[in-house]
Amino acid sequence: MSNPVITSLLDTDLYKFTMWQTLLHRHPETQAEYHFVCRNQPAYPLAELQADVERELDALCALSFRADELAYLRGLRFMKSDFVDFLRIFRFQRDFIDVRAEGELLRIVAKGPQVHVMGFEIPVLAIVNELYFRRFETPEVRAEGGRRLAAKIDALQAFALAAAKYRHPFELFDFGLRRRFSGGWQREVVERLRDALPNHFKGTSNVLLAKELGLVPIGTMAHEYLQTFQALGTVRLRDSQKAALEDWVQEYRGDLGTALTDVVGMQAFLADFDLYFAKLFDGLRHDSGDPVWWGELALAHYAKLRIDAHTKRLVFSDGLTVDKAIELYRHFADRVQLGFGIGTHLSNDLGPKPLNIVMKLTHANGQPVAKLSDSPGKTLCEDETFLAYLRQVFGVQPC
């Protein structure tokens, strides 16, 4: 029998910890429900993985944070001591997550107190991915992955010389944990990028790899954080986005200052992102819609507020490839600081077609929540009535 996919609770993305801390401190009573979804057609039915996923979740729920892991988290200046104390006694509860097969589909639902179920997302995605791709792993596939990675590193090293002429540096990060080919492959990718591009590769979202490879852990917030505020009941729906940003500001007071913009769409986001927030946040993260359109909107907004865009950062993270990151850098690098979070293109480009899987928040406190993406097909909601109401409240047209 193979070793468990997840052997450390640090093997997750940094933004799970940062959102977790904020919600524990400010809304610990929230109940939440998360659903696993595969958006594309797998090569074989994911339902075949059910028994193995069940076994992996049993192993996950037996894990706790080790002393050295807690010490590492405590050393991050934005992690509060009481949150680390909470993690010291935390364990995933098996009763809060259910796995079943429905025909060829794999259904996974995590439901319970949000501070106990929100952390399931990244391990579940890593588990499903690794189990799925074990059937494709051969020496030939690994060799092809190595060739493709070497070509990307060569392209980045060549471009790094040309990047020197631009005002702001070219910086990229690994955002590949959620859809990685395997944990071992992600580690190899990150090590090779660290060694080959020391001046341009700035970190990884994977906290375990950051700890063990001496890198900066990267991440702030994801969609679930802002979506949660749609169902709290303590603020109007129209004010939910501003309430989420305000709680973040109060929690981190200058740290972790990159705001995600596409929970209700970029234009509705900017309507809430006034001078107050624009000064308090260091920059914005793109995750849907045309990236050039998005970046130009962001720069126009800063200009309208009379904020020097050279003091801000735009982070791109939506399905990036190396070539796309270079193209976007050339377009914006003389006008604003930039960062590029590359995921699947680095962590799962070995030949077999990657899965497009997500595990998203669908309900909070028994109420539906939604994401109004700027990209067709990425809007998420199981309740069409609420989706229509959310669009009406924020003045968003279907894309």
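The values are calculated or read from the model by the stated rules, or taken from the named source; none is laboratory data. This structure is a prediction, so every number in the text was calculated from the model and none was measured. Note: ideal-geometry Cβ built from the backbone for every residue, glycine included; neighbour counts use all protein chains shown. Areas reflect the complete protein model, heavy atoms only, side chains present, ligands, DNA and RNA absent. Shrake-Rupley method; radii C 1.70, N 1.55, O 1.52, S 1.80 Å.
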Out of (1) in contact (Cβ under 8 Å) with a residue 40 or more places away in the chain; (2) under 25 Å from Ala162 (Cα atoms); (3) in contact with a Gly (Cβ under 6 Å, 6 or more places away or on another chain), what's the single condition that is false for Gly339?
(3)
What tally of residues in the stretch 219-263 results from selecting those that are in a loop (DSSP other than H, G, I, E, B), touching a strand residue (DSSP E or B) at 6+ places or on another chain (Cβ under 9 Å) and either under 17 Å from Leu387 (Cβ atoms) or not small (Gly, Ala, Ser) (or both)?
6
So Phe181, is it of a type outside the set (A, V, I, L, M), in a loop (DSSP other than H, G, I, E, B) and open to solvent by less than 40 Å² (accessible area, probe 1.4 Å)
yes
Checking Ser8 against (1) open to solvent by 30 Å² or more (accessible area, probe 1.4 Å); (2) touching a residue at least 60 places away in the same chain (Cβ under 8 Å), only one condition comes out false. Which one?
(1)
Filtering the stretch 296-319 down to residues that are touching a residue at least 40 places away in the same chain (Cβ under 8 Å) and under 20 Å from the mean Cα position of the chain (by Cα) yields Arg313, Val315, Ser317, Asp318
Whichever residue in the stretch 87-111 is of a type outside the set (Lys, Arg), over 23 Å from the mean Cα position of the chain (by Cα) and in a strand (DSSP E or B) and, among such residues, is surrounded by the fewest Cβ atoms within 10 Å (Cβ to Cβ):
Glu102
Go through the stretch 269-295 and give me each residue that's closer than 16 Å to Lys324 by Cα, open to solvent by 20 Å² or more (accessible area, probe 1.4 Å) and over 18 Å from the mean Cα position of the chain (by Cα).
Asp290, Val292, Trp293
Just to verify a result, which residue in the stretch 248-264, among those that are farther than 13 Å from Leu226 by Cβ and among the acidic types (Asp, Glu), is most open to solvent (accessible area, probe 1.4 Å)?
Asp255
Filter result for Asp82 (loosely packed, with under 15 Cβ neighbours inside 10 Å, modelled with pLDDT of 95 or more, in contact with a Leu (Cβ under 9 Å, 6 or more places away or on another chain) and part of a helix (DSSP H, G or I))
yes
